[in-house]
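Taking it in order: structure first as structure tokens, then the write-up.
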Amino acid sequence: MKKNNVLSKVTALLTGVVLTVGLLTGCGDTSSQAGSAASTAETITVTFMNQDETIGTATANVGEVLDKSSYEAFETAESGEFNGWYETPSYLESSKKDLKTDSFTKDTTLYGDFRAAEVSEDTRHWYIAGTSKTGSLALNNWAADLSDEDKAQFELVPTGNAVNEFSLTIDLYEGDQFQIIPDWSWDGQKGYGKFTQIDDAQMENAGGLADSVDKANVQVKEDGNYTITLTTNPDNQAQDTLTIVRNSDPVEASN
């Protein structure tokens, strides 16, 4: 009996040792796995641009807000007053990012909107160019070869309200398509993506030959008399903006 008691005690002792070692080993594995996960956290890089110039980069973990010290120096430039970061080079309002609260899940390029206190005078002549089945754009026919007199009815003229602000009031009809062009030329065209004020119930993106939404045709969904206003910065065309506002039903009868 005594021999059996001794064997029982030895067996119990060995079992306890094995369990203890197993628990310690398990704890060690958990710590190692946590450390491994922390060391492999995915990071992203944000690249900051001023027009076509890269002014710096910053990194952060996926889903985490950037440290302000990593980018605040990029918000000062001789080219003008800083007005925010955008995911689009044309500074679309819907693409504006607030780096105090916004985070990123992939590598991203941001464009700084630096507004100069003074801009060069825009001496170009700006026109609407498009097509229509029933309205005046039928004559326009995507900036066809017209006389200066005919071109004049399609010109956006200086408003005098702001520097380089031009406008045109025109009747547009459902199905009409158009863009805005300088000097009756397609070099510098401005389409749907350049409109910062546009009613989706009245206008839509009709695409076009170019890949960029900024050069996409605008298609009219609702007949009306509209005022198109263009504001330009010849030193930074990314800051050019367009608005279109419906004033009333068409003023003149369509053809």
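The values are calculated or read from the model by the stated rules, or taken from the named source; none is laboratory data. None of these values were measured; they are calculated from a predicted model. Virtual Cβ from ideal backbone geometry, glycine too; neighbours counted across all protein chains shown. Areas reflect the complete protein model, heavy atoms only, side chains present, ligands, DNA and RNA absent. Shrake-Rupley method; radii C 1.70, N 1.55, O 1.52, S 1.80 Å.
Over region 135-199, accessible surface divided per residue gives 46 Å², non-protein components excluded, 1.4 Å probe. Of the trypsin sites (Lys or Arg not before Pro) in region 77-143, the ones in a loop by DSSP (not H, G, I, E or B) with at most 13 other beta carbons within 10 Å are 100, 106, 133. Taking one quarter of the surface of the C-alpha convex hull of region 40-199 gives a mean projected area of 12.5 nm².
Note on region 122-241: the alpha carbon radius of gyration divided by the globular reference 2.2 N^0.38 Å gives 0.98.
Checking the cross-link pairs 96/190; 97/221; 97/215; 100/215; 190/221; 151/194 against a 28 Å limit on the alpha carbon distance flags 97/221; 100/215 as lying beyond it.
What FRET efficiency comes out for the pair residue 235/residue 174, r = Cβ-Cβ distance, R0 = 41 Å, nearest 0.05? In this case the efficiency is close to 0.60. The alpha carbon convex hull volume per residue for region 104-187 rounds to 178 Å³. Remark: region 235-242, residue by residue, has Karplus-estimated 3J(HN,Hα) of 7, 7, 5, 4, 8, 5, 9, 10 Hz, where x stands for each Gly or Pro and the curve is 6.51 cos²θ - 1.76 cosθ + 1.60 at θ = phi - 60°. Using a probe of 1.4 Å on the protein chains alone, the accessible area found for residue 151 is around 40 Å². On the principal axes of its alpha carbon atoms, region 170-255 extends 39, 24, 24 Å, with the longest extent given first.
Separation of region 119-193 from region 218-238 is 9 Å, based on Cα centroids.
Surface composition of region 148-228: carbon plus sulfur atoms hold 41% of the accessible area, using a 1.4 angstrom probe and ignoring ligands, DNA and RNA. Projecting label points 7 angstrom from Cα along Cα→Cβ for residue 42 and residue 68 puts them 2.9 nm apart. Expressed as a fraction of 2.2 N^0.38 Å, the value expected for a compact globular protein of N residues, the C-alpha radius of gyration of region 71-139 is 1.68. With R₀ fixed at 45 Å, the C-beta to C-beta distance from residue 52 to residue 253 puts the FRET efficiency at about 0.40.
Pick out, in residue order, every one of the GluC sites (Glu not before Pro) in region 72-118 that is DSSP loop and has at most 13 other C-beta atoms within 10 Å; say none if there are none.
Numbers: sites: 72, 75, 78, 81, 87, 93, 118; in loops: 78, 87, 118.
Here the sparse-neighbourhood loop sites are 78, 118.
Which FRET efficiency value, to the nearest 0.05, is calculated for residue 149 and residue 221 with the Förster distance at 41 angstrom and r the Cβ-Cβ distance? Working from the Cβ atoms, E equals 0.85.
The phi torsions of region 215-221, fed into the Karplus equation with coefficients 6.51, -1.76 and 1.60 and a -60° offset, translate into couplings of 10, 7, 5, 9, 10, 7, 9 Hz, rounded to whole numbers, with Gly and Pro shown as x.
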